[in-house]
Amino acid sequence: YKTKVYHKCISFSKDQDGAQDLLHDVFLKTFTSLNKFSGRSSFSTWLYSITYNYCVDYARSKKKMRTEDIDARVDISEKDDEKNEAELMSMKAERLARVLESINPKEKALLLMKFQDGFSIKEIMEILNLSESAVKMRIKRAKASALDSYYELFEAEVV
């Protein structure tokens, strides 16, 4: 599990020392919480949930969260949503990294779970303890937020 947790930690800390600290803290928290593991889901899902929550808390403490309310702008049709996903996938890696750093840590973690780690909606539901519709809506909002950020960061090149 160490490698997978480390990669998730480094995606939030951006340096090896910070990732090592996060890794240590996640495993310490996991060890001290072992008595809370009920077996309702797999151990790896439970560990990923701890990692996710810890990394999001870390990112929150390191960065002022965006307060922009995107709920009004999330009224995107399914066709537009597919187009947005295609645009997200076509971004260059370094641009994508900049975009991910600029969005809300929870949105970043959700996009990483879905697109980097390849988790299904069901797996994300288990990790976050949310309904299917809530997970789908949060993914949709996170994609919209990432695209907004992309256009803000690279506005001159997009026109």
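The values are calculated or read from the model by the stated rules, or taken from the named source; none is laboratory data. What you see is a predicted model, and the numbers here were worked out from it, not measured in a lab. No Cβ is skipped: glycine too gets one built from the backbone with ideal geometry, and neighbour counts run over all protein chains shown.
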(message) Considering only residues that are more than 18 Å from S13 (Cα to Cα) and among the polar types (S, T, N, Q), which ones fall in segment 29-53?
(response) T30, T32, S33, N35, S38, S41, S42, S44, T45
(message) Out of the residues in segment 101-127 meeting the condition of being surrounded by fewer than 19 Cβ atoms within 10 Å (Cβ to Cβ) and not charged (D, E, K, R), tell me which one is nearest to F43 (Cα to Cα).
(response) M125
(request) Select from segment 41-52 the residues that are part of a helix (DSSP H, G or I) and either in the same structural domain as I127 (by TED's automatic domain parsing) or in contact with a helix residue (DSSP H, G or I) (Cβ under 9 Å, 6 or more places away or on another chain) (or both) and list them in ascending order. (result) S44, T45, W46, L47, Y48, S49, I50, T51, Y52
(request) Would you check which residues across segment 1-12 are part of a helix (DSSP H, G or I) and farther than 11 Å from Y54 by Cβ and list them? (result) K2, T3, K4, Y6, H7, I10, S11
(request) Return yes when L130 is modelled with pLDDT of 90 or more and surrounded by fewer than 19 Cβ atoms within 10 Å (Cβ to Cβ) and no when it is not. (result) yes
(request) For D69, state whether it is closer than 14 Å to L147 by Cα and modelled with pLDDT under 90. (result) no
(request) For residues that are among the basic types (K, R) and in a helix (DSSP H, G or I), scanning just segment 13-40, find the one that is surrounded by the most Cβ atoms within 10 Å (Cβ to Cβ). (result) K29
(request) Take segment 143-159 and flag every residue that is modelled with pLDDT of 90 or more and among the hydrophobic types (A, V, I, L, M, F, W, C). (result) A144, A146, L147
(request) Inspect all residues belonging to segment 74-85 and state whether any of them is closer than 22 Å to S11 by Cα and either at pLDDT below 90 or in the same structural domain as S41 (by TED's automatic domain parsing) (or both). (result) yes
(message) If R98 satisfies all but one of (1) surrounded by fewer than 18 Cβ atoms within 10 Å (Cβ to Cβ); (2) not in a helix (DSSP H, G or I), what's the number of the condition it fails?
(response) (2)
(request) Could you tell me whether F43 is surrounded by fewer than 13 Cβ atoms within 10 Å (Cβ to Cβ) and under 21 Å from L130 (Cα atoms)? (result) yes
(request) Give the residue, chosen from K122, K136, K140, K106, that is in contact with a Lys or Arg (Cβ under 9 Å, 6 or more places away or on another chain), basic (K, R), modelled with pLDDT of 65 or more and part of a helix (DSSP H, G or I). (result) K106
